[in-house]
1. Could you identify the single residue in A:275, A:259, A:265, A:225 that is buried (at least 24 other Cβ atoms within 10 Å of the Cβ) and free of Cβ contacts under 8 Å to residues at least 24 places away in the same chain?
2. Out of all the residues in the stretch B:134-153, which are under 25 Å from the mean Cα position of the chain (by Cα), under 14 Å from residue B:102 (Cα atoms) and crowded, with 19+ Cβ neighbours inside 10 Å?
3. Check whether at least one residue in the stretch C:198-216 is among the aromatic types (Phe, Trp, Tyr), facing chain A (nearest Cβ under 9 Å), assigned to a helix (DSSP H, G or I) and under 23 Å from residue C:136 (Cα atoms), and report yes or no.
4. Report, by residue number, each residue of the stretch B:75-104 that is at the interface with another protein chain (Cβ under 7 Å from one of its Cβ atoms), touching an Asp or Glu at 6+ places or on another chain (Cβ under 9 Å) and not in a loop (DSSP other than H, G, I, E, B).
5. Only residues that are outside any loop (DSSP other than H, G, I, E, B) and within 11 Å of another protein chain (Cβ to nearest Cβ): list them for the stretch A:278-295, please.
6. Report yes if residue B:490 is in a helix (DSSP H, G or I) and under 23 Å from the mean Cα position of the chain (by Cα), otherwise no.
7. Determine whether residue A:191 is surrounded by fewer than 20 Cβ atoms within 10 Å (Cβ to Cβ) and either under 17 Å from residue A:153 (Cβ atoms) or in contact with a strand residue (DSSP E or B) (Cβ under 8 Å, 6 or more places away or on another chain) (or both).
8. Scan the stretch B:175-198 residue by residue and report those that are in a helix (DSSP H, G or I), touching a residue at least 60 places away in the same chain (Cβ under 8 Å) and polar (S, T, N, Q).
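The values are calculated or read from the model by the stated rules, or taken from the named source; none is laboratory data. Just so you know, these numbers come straight off a predicted model, no measurement behind them. Ideal geometry is used to build each Cβ from the backbone, glycine not excepted, and the neighbour counts take in all protein chains shown.
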Amino acid sequence: MNPSIAGALLLVCRKLLTAFVQLLVVATLIFSVMYIMPGDPVLLLLGAESNPSPEAVASMRSQLGLDQPVLTQYFTWLWNALHLDFGNSLTNGYPVSSYVLANLPRTLELAFAAIIVATLIGVPLGIAAALKRGSMRDTVLTSIATVGISVPVYILGTLMVLFFSIKLGWLPASGYTDISRNVVEHFRKLALPALALGFGLAASIARMTRSSMLEILGRDFVRALRAKGMPERRIIWQHVLRNAAIPIVTIIGLQLGNLMGGTVLVEAMFNWPGLSTLLVGAVSARNYPLVQGAMLAIAALFIVINLAVELFYSLLDPRIRRKRS
Amino acid sequence: MLEVRNLSIAFKTSAGLKPAVRGIDFTINPGEILGLVGESGSGKTITSLGVMGLLPPNAVVTAGEVLVDGVDMLKLSPAELRKLRGRHVAMIFQDPMASLDPIFTCGDQIVEAILLHENISKTQARRKALELLEKVHIPDPARTMRSYPHELSGGQCQRVMIAMAVSCKPRIIIADEPTTALDVTVQKQVLDLLRGLNQEVGAAILLITHDLGVIYEVADRVVVMYAGEKMEEATTQDLFTNPKSDYAKALIDSMPALGSKHGRLPVIERDDAGNVRSVRPEPRIRPAQAGPVPDSAGRVPLLELRELCKSYWVKPSPLSTPVEMRAVDKVSFAIAPRTTLGLVGESGCGKTTLSRAVIRLSNPDSGQILFKGKDIAKLSESEMLPFRREIAMVFQNPYGSLNPRQTVSDLVAAPMIIVGEGDSGERGRRVAHLLDAVGLPRSAASKYPHEFSGGQRQRIAVARALALKPSLVICDEAVSALDVSVQAQVLNLLKDLQVEFDLTYLFISHDLSVVEHVSDTVAVMQKGRIVEYGPADGIFAAPKDPYTRMLLDAVPTIGVERAERGAL
Amino acid sequence: MTARVLRIARSQPAFMVSLTVLAAVIFMAIFGAWLAPQDPFAINPSAVNQGSSAQHWLGTDEFGRDLLSRLLIGIQPTMLVAIGATAIAGVFGSLLGIAGAYGRPWLSFLIMRSVDIMLSFPPILLALLAVGFWESGVLSLAVVIGVLYIPHFARVAHSATLQVTRQEFMEAERAMGASVRRVVFTAILPNILSPLVVQATLTVAAAILLESGLSFLGLGIVPPEPSWGQMIGTARGYLAQNPMYVIWPSLLLALTVLAINVVGDRLRDILDPRLREE
């Protein structure tokens, strides 16, 4: 077999294995968190103040499977989780997986919309700043970016609601409309959360794009290309950008993972029915199975996205693609 | 053809302009090779960048003209300048690997360079690229076309760079330290190639280097620079037989040259008026308190290696099983007390691995390391401690081997602190004594390493090595990072200290001239093995092993006729 | 180091302004309760959600409490959480990071893989989980956020230590027979201090954002005790009636984080060893 293809395959296999192990450990952690937390979950669930009867406690215990040995519980839980069965919601008995599967695409949609906004704004601005390092344009752009990363997403979101919804009345302040029901309304409601999430991200993408561009611009080969008489424009487009693309794509990908965290606040403030809303609701209601399911889904999403980014990155860079020992 | 007139370049600093190059003039005639030689900081590289209009943003040309066929390059618009670059003037850089774009194949990059200045089809350009690679004697041109830079060796990358530079038949090639990053045998091949191309293509070459040997080998005329100024301009023949300027004289003197062994190397001194001259310092006399010279005749060697092996396990390709790479393969040698063994070899031959194994920074796989007759190869870290007093090491990089956050006094006292010797007062006295011994002022004790030059830092490292009065000092490329004149000072110092402190040296270097200068015994290492071992005089006079002969041939040597060398 | 920072601060207005803002915020965090013109907890149902007036300079909240007074005392819990969390993350994270880079292979494998796994959770999710089930207060928030940022610190300490261990002076220390303790405290720590200082400023900023985010969701500082994040969260319900209610804490919070980020950025440039040697 061609050694470079073999190397790439090996790389893919190893990354897959790492991701799987990571997921397993994460699942174990999520499972054990319920035991580390202070207080008897059953009493918490039934409400210790209401002084529940011993029968109610016992029935709840067996309903949750808590009367079995911890290891048995663990493996049962893990086995079920592998089949996407996270048990049933404690409040209404519906399967947790149906909630997770319904909310997952909405979180993904929000995250992708935000990352598109952020990339479209951040990358060009970062490049523009790097190409004129030290100029007025650079100073202004980097200052804006610093402000951008410092304003918390919920402040930005709140201010946007204040301006676009309350003052101007252009966009709805919150909520969700399914795309099958009304396409225009769906995107109108997506706009504010995606922009709020995307702007802050655009700032950090712009900063990192700028520094990777500067790093590449300082390399010896750029000087060698100039010595060959290559037009500056072509050096930038043909060589610098293509080299910088590798770190930039990685940065964007990693940000996509971090967005899972950012969505928590944005979903909550815009009533966007995604995984985080599900999780926040479940935490407040002490709905353990739902908490576990939502957590695992979010962590899995994070791990899968990072895996995809890493694989993409290795395929982009010949140094990693060809040589890995 | 290329004429530089009164060129001055300065760096912009917060304290105003700081001149780096002052009023340099030189001319390159068609077809000749002009050498531009100087030590680090002499302004030779910045001159070449100024000629190409490639100065870094913090440097400015303050005066002068750069005329190419009568046109001042400094006055050209960026577009006009670009047309000149690559087509009329091409450039080769010091670090060939970094000078190629890592994400394109070499073939694509050569084709791109050709198409920049020539109006031919892509297929024609590919064919031409292949021819160029053949012309620069790359082993497998077709494969090189498909290879990425990181898949080639440094020498191969430099050949690709040269192929690219000559692709458009430029009139002038500026080569900035083209062989400094390469091994001596590869250096010879690249220099031969450059000279061949110079004759074949007829391009004039501006060769910038710190290495007088390289200049002697290939240059027709030489410009000597020092501290941003031109010291001398002469034909190569005249410069080496009859240097006019004091600096050039001193520079040539201070270089240890093969076949010319002196006890001491002259060093360059600068008097208060700024004039430079060459001084051959007298050896220091063994101080009275050092006691009589110990009688070492008939005693066991201080250090003896027997069949020492150290392997690494590497995977040739991702899926294959790891194979053993013998970095050190059954190495045996012995060093008598108060002598110097020079261990010489090219990069990757295993000499560094060997030195790390001897001082037990790594564990040898098999074999013995007999220190004063006791095997230390298998000792545990704690059993090794008493021996760490006896064996000290001076590292290659004077910038990296000193902890930047410690004062000189802490650095030099470190070995004493580690073994818990003496109180602070006693340590202070010893540090002062050591600073005297290595020729540093006592005021140095409270300063930090970054306040010193490379040569001074190496003196600090030597002082630290001597803190516990060791008997064996391992010098791993200890003078390789230093300029010739500074190197001479440190070599003299090492010789003085050997007499004064009864030291035994294991002196590791890639530089044959330096090894010949310092060694009593020499071991030549190739691919983990010692291929030749014996008294220094014998080996340098009559090398037996073909590899030793090849190494010796490759060293550019002053005083040997070029034609004669070419015939070898 | 300090002298150098101050010297550079004088030539960079943005840095100077940020340091001043930070000093003011810290002053507010310590003396806020004394500075407050009115009782921050005094409810006045007749003056609910008012704008600026002579009596209430910045207006009142939904219970008629004086906004200025609440803002003045609202930074203290946030600052305590941020500094406590940074201290926890800094000490444990640095030690783990150094051990991960310099320790035995199995130990560093264990540490760095755990760090990777910890990093695969967005911190806010874990924080949410922890404060959702635990009681939330300054101490528990500081501990939870501190623990969550240990892996970030460990990463920075790890890569900085790896860079240091590649230098020759580490080999020199070993060749002299230096003990692990000496290597860690004289060779490694002083040389990785700069990135750790930068990471500490960034962690303070991140901890402030995290605490205020949780408080914004109603899961952080418990009312009636105010914190800026919590005030923003509450004010969101009164956007139409009293828009300035949300503006004031937002402005202060954003300004504080901005000041910390600017200081962190400048420190990174000042302490970068590549830029130090000129």
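1. On the way: A:275 fails: free of Cβ contacts under 8 Å to residues at least 24 places away in the same chain; A:259 fails: free of Cβ contacts under 8 Å to residues at least 24 places away in the same chain; A:265 fails: free of Cβ contacts under 8 Å to residues at least 24 places away in the same chain.
Unique residue meeting the criteria: A:225.
2. B:149, B:152
3. Narrowing the stretch C:198-216 to residues among the aromatic types (Phe, Trp, Tyr): C:216.
Those still in the list that are facing chain A (nearest Cβ under 9 Å) too: C:216.
Restricting the remaining residues to those that are assigned to a helix (DSSP H, G or I) gives C:216.
Checking the rest, the ones that are also under 23 Å from residue C:136 (Cα atoms) come to C:216.
Looking through the stretch C:198-216, at least one residue is among the aromatic types (Phe, Trp, Tyr), facing chain A (nearest Cβ under 9 Å), assigned to a helix (DSSP H, G or I) and under 23 Å from residue C:136 (Cα atoms).
4. B:82, B:91, listed by residue number.
5. In the first step, residues of the stretch A:278-295 are kept if they are outside any loop (DSSP other than H, G, I, E, B); the result is A:278-284, A:288-295.
Residues satisfying the conditions are A:279, A:280, A:281, A:282, A:283, A:284, A:288, A:291, A:292, A:294, A:295.
6. On the way: in a helix (DSSP H, G or I): yes; under 23 Å from the mean Cα position of the chain (by Cα): yes.
Answer is yes for this residue.
7. On the way: surrounded by fewer than 20 Cβ atoms within 10 Å (Cβ to Cβ): yes; either under 17 Å from residue A:153 (Cβ atoms) or in contact with a strand residue (DSSP E or B) (Cβ under 8 Å, 6 or more places away or on another chain) (or both): yes.
Yes, satisfied.
8. Across the stretch B:175-198, the qualifying residues are B:185, B:187, B:198.
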